[in-house]
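One structure is given here, and the rest of the page talks about it.
Laboratory data are not the source of any read-out in this text; all were calculated from the coordinates shown. Model, not experiment: these values are computed from the prediction. For neighbour counting, all protein chains shown are included, and Cβ atoms are generated from backbone atoms with ideal geometry for every residue, glycine included.
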């Protein structure tokens, strides 16, 4: 959202609200922001909501943890980098040898709970703010409900049972609680999203573009339902987005991944990034993927490219002839580099990439002289995914094939509303669900979904490529971070870790 892109104050506020509780803070401070002297105005409410959004763009979510877990831990990619111990924490995920101290799994847990804590503060404090526009109040509450659901959805999918905290803690005992059964967590997620649907507007304009809408909450609820196997409810919610949101597919798949098209016609919800803030961190305002995924040492990005998150050869070989998503998604040998580059084209192999592949989808080049600082937003939910959720939910029906084929036609550069030689039909599709999951793999590649898809469809433990890497039955869940268990002795560990 442009709001996130222009609220550096909110990012500072996020840090100021993150710590509390020590007894030496009993005396009310007069020169800092606290929960006692904040939450007094409409502006306070909006800034507090912005602070809850802020964790999406940081290392505990889309700027580090999720691309390690969602793709490197799946069959889409492997670690890459400079070899040896480079990216050791990603290698641990890649090889299913994950200690309870792994930085990515620790960051995911911590980032989600920071976001949840901020959402909880909004839900507790904003109803009591006097002299506030009721429409803005309702929107702020809906945004907090949506964000809390999103963070809990990531937690419960990754770790299973997790502590369910819905009000700000008032004592250490309030946070030293055991894990809540996943079914109860999912029930809260569904309640939050249902409430958010009733509170959020259908669209925004101006500086508020990119905030969560009614359709973002509806689409995420459809994804929650399909994850849980509730196909009828998933179909209902997905169809509401399809028919009511006013969204449509870009004719060109690659238009989804251009800075100029952010929060555009296909976007349901995306994480907002900006560049030019001199940031060299996973926790800044820019996306690190431009640098981290850039072809290693080729000079296409500010620091030359680190070459992580390398597409697997099996993944690349799986593209159908003519699928235009391939050239948007990956660098392959022979691909021409931008004019003025020291090297003309992608080489046949690079350090960390023996077959010469790299992720291209998040490439923006030398946007400035800073590092780890790309402005390209990351989609959380696009209309194309909603089409695929609907298709999966209704199965091999006329509508199921219709929406699956609309995604496929666009992939081959064809008109989405006209029959195509690339259409799947009952006659040429032996397993419709497998066809949808395969389409998800290529449509949503490197958008941090693949590990979760393999889990929910029962394929994580059966793929030969992952079996060769050492996947074990207990790897369907991540380890509870040891640092969290040290702080909370009531947290049990997942089996196997």
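Averaging over all projection directions, find the projected area of the Cα convex hull of the range 397-443 and quote it in nm² with one decimal place.
Details: hull surface 12.2 nm².
Directional mean of the projected Cα hull area for the range 397-443 stands at 3.1 nm².
Any chance you could list the semi-axes, whole Å, largest first, of the equivalent ellipsoid that the Cα gyration tensor gives for the range 234-381, using √(5λ)?
Those come to 28, 21, 13 Å.
I need two numbers for the range 125-259: Rg to one decimal and Dmax as a whole number, Cα atoms only, in Å.
Every Cα atom of the range 125-259 included, Rg and Dmax give 16.9, 54 Å.
Determine the calculated [θ] at 222 nm for the chain from helices alone, applying -39500 (n - 2.57) to every DSSP H run no shorter than 4 residues and normalising by the residue count; nearest 500 deg cm²/dmol.
-12500 deg cm²/dmol
Over all directions, how big on average is the projection of the convex hull of the alpha-carbon atoms in the range 7-200, in square nanometres?
Here the figure is 13.3 nm², rounded to one decimal.
Sort the range 321-439 into rounded, prolate or oblate with this rule: let a ≥ b ≥ c be the square roots of the eigenvalues of the Cα gyration tensor; rounded if a/c is under 1.5, and if a/c is not under 1.5, prolate when a/b is larger than b/c, oblate otherwise.
Numbers: a/c = 2.63, a/b = 2.02, b/c = 1.30.
Since a/c reaches 1.5 and a/b is larger than b/c, the shape of the range 321-439 is classed as prolate.
Quick one: angle between helix 383-394 and the longest Cα principal axis of the chain, in degrees between 0 and 90, rounded to 10, please.
Computed tilt is about 80 degrees.
Taking a virtual spin label 7 Å from the Cα of residue 194 along the C-beta vector, which residues in the range 122-165 bring their backbone nitrogen under 16 Å of it?
Within reach of a label on residue 194: 145-146, 149.
Taking 0.36 nm per residue of separation and subtracting the Cα-Cα distance, what length does fully extending residue 418 through residue 465 add?
Fully extending the segment from residue 418 to residue 465 adds 13.3 nm.
If every alpha-carbon in the chain counts as one equal scatterer, what log10 I(q)/I(0) does Debye give at q = 0.08, 0.09, 0.11 1/Å?
So the normalised log intensities are -0.48, -0.61, -0.93.
Looking only at the range 40-71, which residues have a backbone nitrogen under 15 Å from a spot 7 Å from the Cα of residue 131 in the C-beta direction?
Output list for this probe position: 40-45.
Would you please state the base-10 log of I(q)/I(0) at q = 0.19 1/Å for the range 80-165, with intensities from the Debye formula using one equal scatterer on every alpha carbon?
Computed log10 I(q)/I(0) values: -0.86.
For the range 284-387, what's the relative contact order in percent, using C-alpha pairs closer than 8 Å and at least 6 residues apart?
36 percent
Report the gain in length on full extension from residue 231 to residue 184: 0.36 nm times residue separation, minus Cα-Cα distance, nm rounded to one decimal.
The residue 231-residue 184 span can extend by a further 15.0 nm.
Taking the 0 to 90 degree range and rounding to the nearest ten, how far is the long axis of helix 134-159 tilted relative to the main principal axis of the chain, both from C-alpha atoms?
Taking Cα atoms only, the helix is inclined about 60 degrees.
Could you give the Stokes-Einstein D for the range 307-386 in µm² per second, using the C-alpha Kirkwood radius, 25 °C, 0.890 mPa s?
Taking Rh from Cα pairs, D becomes 171 µm²/s.
What is the pair-distance distribution P(r) of the range 451-490, computed from all Cα-Cα distances in 5 Å bins starting at 0, with each bin given as a whole percent?
6, 21, 23, 16, 10, 12, 10, 2
Using a Förster radius of 35 Å, what is the FRET efficiency between residue 37 and residue 202 based on their Cβ-Cβ separation? Nearest 0.05, please. List each step's numbers first, then the result.
Details: r = 35 Å, r/R0 = 0.99.
Between residue 37 and residue 202 the formula returns 0.50.
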